[in-house]
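A short write-up of the structure that comes next.
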Amino acid sequence: MLSKTEKLVVAGLIEKDNKFLLAQRLENDEYGLLWEFPGGGVERGETKQEALIRELKEELSINVLVGDLIDIFFDENAYLKIKVYLY
């Protein structure tokens, strides 16, 4: 049995005026049409906070200050284990 790939992901809980920013994944994506907080994978040599700053700059062209860790959650499918840090 092959071991599953593990992926470390960061996500940002962005709120303004009691509204939260979510993005819907593309229909042909692996998790197609599901909703997610903006963020992405942590690259080698990055801290989780650095990864979130980079991802939000790349995806949304915004500069952020990363706040406290809110929660950590997990997802898993047949070949991948995902650990998500929500800030």
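The set of residues from the stretch 30-87 being aliphatic (A, V, I, L, M) and within 12 Å of Val10 (Cα to Cα) comprises Val42, Ala51, Leu52, Ile53, Leu56, Val66, Leu69, Ile70, Ile72, Ile82, Val84, Leu86. In the stretch 11-29, the residues that are under 17 Å from Glu55 (Cα atoms) and among the aliphatic types (A, V, I, L, M) form Cβ pairs under 9 Å with partners that are part of a loop (DSSP other than H, G, I, E, B) and open to solvent by 90 Å² or more (accessible area, probe 1.4 Å), at six or more places apart or across chains, as follows: Leu13/Ile70. Residues of the stretch 27-68 that are touching a helix residue (DSSP H, G or I) at 6+ places or on another chain (Cβ under 8 Å) and either more than 24 Å from Thr5 (Cα to Cα) or open to solvent by 90 Å² or more (accessible area, probe 1.4 Å) (or both): Glu43, Ile62, Asn63, Val64, Val66.
Of everything in the stretch 7-26 that is among the basic types (Lys, Arg) and under 19 Å from Asn77 (Cα atoms), the residue that is least open to solvent (accessible area, probe 1.4 Å) is Arg25.
The values are calculated or read from the model by the stated rules, or taken from the named source; none is laboratory data. Only a predicted model underlies this, so the values are computations on that prediction, with no experimental measurement involved. When we count neighbours, we look across all protein chains shown, and the Cβ atoms used for this are built from the backbone with ideal geometry, even at glycine. Heads up: the accessible areas ignore ligands, DNA and RNA and are worked out on the full protein's heavy atoms, side chains in. Shrake-Rupley method; radii C 1.70, N 1.55, O 1.52, S 1.80 Å.
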